[in-house]
Amino acid sequence: MSAILSLKGLNKVFGRGRSAVHAVKDVSLDVAQGECLAIVGESGSGKTTLANMILGVIPASSGSIELNGVALPHKRTLEHRRAIQLVQQNPLSSLNPKRSVGASVRLGLDVYEIGDRADREGKVEAVLSDVGLDPELRKRSPAALSGGQRQRVAIARALACDSRLIVLDEPTSALDVLVQARVLRLLDTLRREKGLTYLFITHDLSVVRNIADRVAVFNAGSLVEFADTETLFNSPQQDYTRQLISAVPVLSAEELNFRSALQSREHKE
Amino acid sequence: MSANRPGSGEDTGSVKNGSMERNSSGALLDIRDLHLGFRGYTGYTKVLHGISLSINRGQRVALVGESGSGKSVTARIVLGLLQETRTARITGDVEFQGNDMSSLNASQRRALRGTRMSMIFQDPTSALNPVFTIGYQFTEVLRRVDEKLSKEAAYLRAAELLHTVSIPDPARVLDAYSFQLSGGMNQRIIIAMALANSPSLLIADEPGTALDVTVQAQTLQLMHDMVATHNTAVLFISHNLGVVREFADRVYVIYRGRIVEEGATQSVFESPGHAYTRALMAAVPRVTGGGIPDIDDESADFHDPCFTHDSPIAGTES
Ligand SMILES: Nc1ncnc2c1ncn2[C@@H]1O[C@H](COP(=O)(O)OP(=O)(O)O)[C@@H](O)[C@H]1O
Ligand SMILES: Nc1ncnc2c1ncn2[C@@H]1O[C@H](COP(=O)(O)OP(=O)(O)O)[C@@H](O)[C@H]1O
Ligand SMILES: [Mg+2]
Ligand SMILES: [Mg+2]
């Protein structure tokens, strides 16, 4: 298992003195090539801060981030920025409303100078159809699309630059359940077909169970548990992890039994 | 249980008794054939196409459906809020405690809110006013039914109520501002305030969706216990089927402004009758695994396939 991304002793402290917030505390982990690694934890646990450091949006206070074995500098080159793409929770705020869908998807190609003009148009159409959108939609404004379509545009934009590593920060949390299922399936298929690596940030444990290979659990900035998905759900080691799993609202008798078993284990230990 | 129930009797002044005989079912809230449309620049848009829904005393009824299906507008009509919107056209019957809501004027509708019916919305922190202390806001709520209540008496009563929602240090909380407290703490305060006057109906529109799952689970359990103590009925609005299953006795499924299925929670969840309900349930990823749900066709229209026996809808309009 070769690591595409390695975090080593990563810290982030916002502010200083008495008002300092230690948002990410000494986090070390490897993300394997081709896996879907979920980052879970409640709000404020440092998930977005971690993503921002990985993307180079904010500098780490200490520690290092390695991409394919090479440490990334605080100041990223274009090539570094191209290498790690982001899909955010709210596509309406992450897509510029003044830019057409096509222009948004194309922006990365222009900035990173990928291909010539004609290539770029062709690429935009290709990635739009990869995410299940009619390429004709490229002329529209993002405001004219449904929530699910917008999230597909955000995914297309991340795919356009042929990056291998995509950070997804709550990519389906704002979507209705039917739309969510379709977008999750799309993400899963794209990963398998294109050999992508996902860092999948979410607070939704039932999504994690069905999409992730491994799970990293964060609590108050620290990595408290890290295991493959089956192991984590079947025998969580931390009370915090158990609480997160048992708080998931459930539908079926099978899920109810699973939860009671989990809770009874909690009481015994 | 410490609450005396000042606002819950039919004998509370300001609202005249409507045509009682029409409400033969004895339902607390009875909505029949409710239609709603909005006039706009681009013409008239229909949003509700004949909704019928009823809630008995003390019952917890969920209205579940996707965003835009018409859940919040239904709540706003029951609360008498949407009636103030000029562009809204509302027809149909809404009866609350036997009173025809359409016969009430704006101030009579206002008199109902916070007394006989109250509400809880999505985000507890924005529901509280950051400019006033919790104690001040609580006093205002209690004075809705007892105008002359002294500040001291109101604080005592508020502290008692905060205690019932497991707030350990009520005196400190009453002097605090919402932004100084956690989301979970604010949600407990909201629950205590909403039930302070023992309303007969609580409308909870996506309560706690803005909170973390663990906090949401705890506060929903608390709300469940509290409404039972106050014998308050609930119209519980949610897009989350799991949350609905854990909270409600009875479920109405709404799809594009129509109720497509209703029934006891357990029976709807065990044997959903309508294709839309089945699709919704199939789309929820399971915490026990099983893979990403396979939901076909982006453009599926669930009004198209015919309605099942227990669907209350007889036909479609375009
Ligand atoms: N720019 C910032 N300045 C100060 N504190 C911040 C900043 N960004 C995040 N934080 C704090 O860092 C902690 C982690 O936040 P965040 O990474 O957004 O958590 P999550 O994404 O898990 O909800 C929180 O306490 C948050 O208030
Ligand atoms: N004041 C308004 N003017 C025009 N359209 C409105 C207004 N309020 C709500 N709508 C529309 O009514 C529909 C139902 O909205 P709502 O009840 O808020 O849905 P939800 O089920 O998500 O709560 C939506 O299409 C919404 O855009
Ligand atoms: Mg975040
Ligand atoms: Mg709503």
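Miscellaneous remarks
- Within region B:218-261, considering residues that are touching a strand residue (DSSP E or B) at 6+ places or on another chain (Cβ under 8 Å) and hydroxyl-bearing (Ser, Thr, Tyr), the one farthest from ligand 2 (Cβ to nearest atom): B:THR232
- Taken together, the residues in region B:68-101 that are in contact with a helix residue (DSSP H, G or I) (Cβ under 8 Å, 6 or more places away or on another chain), among the small types (Gly, Ala, Ser) and surrounded by fewer than 21 Cβ atoms within 10 Å (Cβ to Cβ) amount to 2.
Let's see how each residue does on (1) open to solvent by 30 Å² or more (accessible area, probe 1.4 Å); (2) within 16 Å of ligand 3 (Cβ to nearest atom); (3) at pLDDT below 95; (4) closer than 30 Å to B:LEU29 by Cβ:
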| site | (1), (2), (3), (4) |
| --- | --- |
| B:VAL145 | yes, no, yes, yes |
| B:GLY183 | no, yes, yes, yes |
| B:SER200 | no, no, no, yes |
| B:LEU211 | no, yes, yes, yes |
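- Region A:207-243, subset of a type in the set (Val, Ile, Thr) and within 12 Å of another protein chain (Cβ to nearest Cβ), residue nearest to A:ALA20 (Cα to Cα): A:THR241
- Residue identified as within 16 Å of ligand 4 (Cβ to nearest atom) and over 11 Å from the mean Cα position of the chain (by Cα) among B:ALA88, B:ALA75: B:ALA88
- A:LYS47 falls short on exactly one of the conditions (1) among the basic types (Lys, Arg); (2) closer than 30 Å to B:GLY184 by Cα; (3) touching a helix residue (DSSP H, G or I) at 6+ places or on another chain (Cβ under 8 Å), and that condition is (3).
- Residue in region B:170-177 that is touching a strand residue (DSSP E or B) at 6+ places or on another chain (Cβ under 8 Å) and either open to solvent by 40 Å² or more (accessible area, probe 1.4 Å) or among the small types (Gly, Ala, Ser) (or both) present: no
- B:ILE51 being outside any strand (DSSP E or B), hydrophobic (A, V, I, L, M, F, W, C) and modelled with pLDDT of 95 or more: no
- Being more than 30 Å from A:ARG140 (Cβ to Cβ) and either free of Cβ contacts under 8 Å to residues at least 12 places away in the same chain or within 16 Å of ligand 4 (Cβ to nearest atom) (or both) is a description that does not apply to A:GLY34.
- Some residue of region A:71-83 being modelled with pLDDT of 95 or more and surrounded by fewer than 16 Cβ atoms within 10 Å (Cβ to Cβ): yes
- Qualifying residue in region A:69-82 (condition: in contact (Cβ under 8 Å) with a residue 60 or more places away in the chain and away from ligand 4 (no atom under 16 Å from the Cβ)): yes
- Residues that are among the hydrophobic types (A, V, I, L, M, F, W, C), within 23 Å of B:SER238 (Cα to Cα) and surrounded by 14 or more Cβ atoms within 10 Å (Cβ to Cβ) within region A:222-269 comprise A:LEU244, A:ILE245, A:ALA247, A:VAL248, A:VAL250, A:LEU251, A:LEU256, listed in sequence order.
- The residues in region B:54-74 that are within 14 Å of chain A (Cβ to nearest Cβ), more than 19 Å from B:PHE269 (Cα to Cα) and of a type in the set (Val, Ile, Thr) can be counted, and the count is 0.
- Selection status of A:ARG157, within 14 Å of chain B (Cβ to nearest Cβ), assigned to a helix (DSSP H, G or I) and either surrounded by fewer than 19 Cβ atoms within 10 Å (Cβ to Cβ) or at pLDDT 90 or above (or both): no
- Residue match in region A:199-206 (condition: in a loop (DSSP other than H, G, I, E, B), within 17 Å of the chain's Cα centre (by Cα) and more than 10 Å from every other protein chain (Cβ to nearest Cβ)): no
- Every pair of residues 6+ apart whose Cβ atoms lie under 7 Å, when the first sits in region B:47-73 and is near ligand 2 (Cβ under 8 Å from one of its atoms) while the second is outside any helix (DSSP H, G or I) and aromatic (Phe, Trp, Tyr): B:VAL47/B:PHE38; B:GLY65/B:TYR255; B:SER69/B:TYR255
- On the stretch given as region B:115-143, residues that are more than 22 Å from B:ASP33 (Cα to Cα), away from ligand 4 (no atom under 16 Å from the Cβ) and either modelled with pLDDT of 90 or more or of a type in the set (A, V, I, L, M, F, W, C) (or both) total 19.
- Some residue of region A:175-197 being out of contact with any strand residue (DSSP E or B) (no Cβ under 9 Å at 6 or more places or on another chain), within 14 Å of chain B (Cβ to nearest Cβ), open to solvent by 20 Å² or more (accessible area, probe 1.4 Å) and in a loop (DSSP other than H, G, I, E, B): yes
Residue by residue, here is whether (1) surrounded by fewer than 20 Cβ atoms within 10 Å (Cβ to Cβ); (2) outside any helix (DSSP H, G or I); (3) of a type in the set (Phe, Trp, Tyr); (4) within 11 Å of another protein chain (Cβ to nearest Cβ) holds:
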| position | (1), (2), (3), (4) |
| --- | --- |
| B:GLU246 | yes, no, no, yes |
| B:ILE254 | no, yes, no, no |
| B:ILE259 | no, yes, no, no |
| B:GLN266 | yes, no, no, yes |
| B:THR277 | no, no, no, no |
| B:VAL287 | no, yes, no, yes |
| B:GLY290 | yes, yes, no, yes |
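- Of the candidates A:ALA60, A:ALA23, A:ALA51, the single residue that is buried (at least 18 other Cβ atoms within 10 Å of the Cβ), over 16 Å from the mean Cα position of the chain (by Cα), modelled with pLDDT of 95 or more and not in a strand (DSSP E or B) is A:ALA60.
The values are calculated or read from the model by the stated rules, or taken from the named source; none is laboratory data. All of these numbers come straight from a predicted model, not from anything done at the bench. All Cβ positions, glycine included, derive from the backbone under ideal geometry; neighbour counts span all protein chains shown. Calculation scope for accessible area: heavy atoms of the full protein, side chains included, ligands and nucleic acids excluded. Shrake-Rupley method; radii C 1.70, N 1.55, O 1.52, S 1.80 Å.
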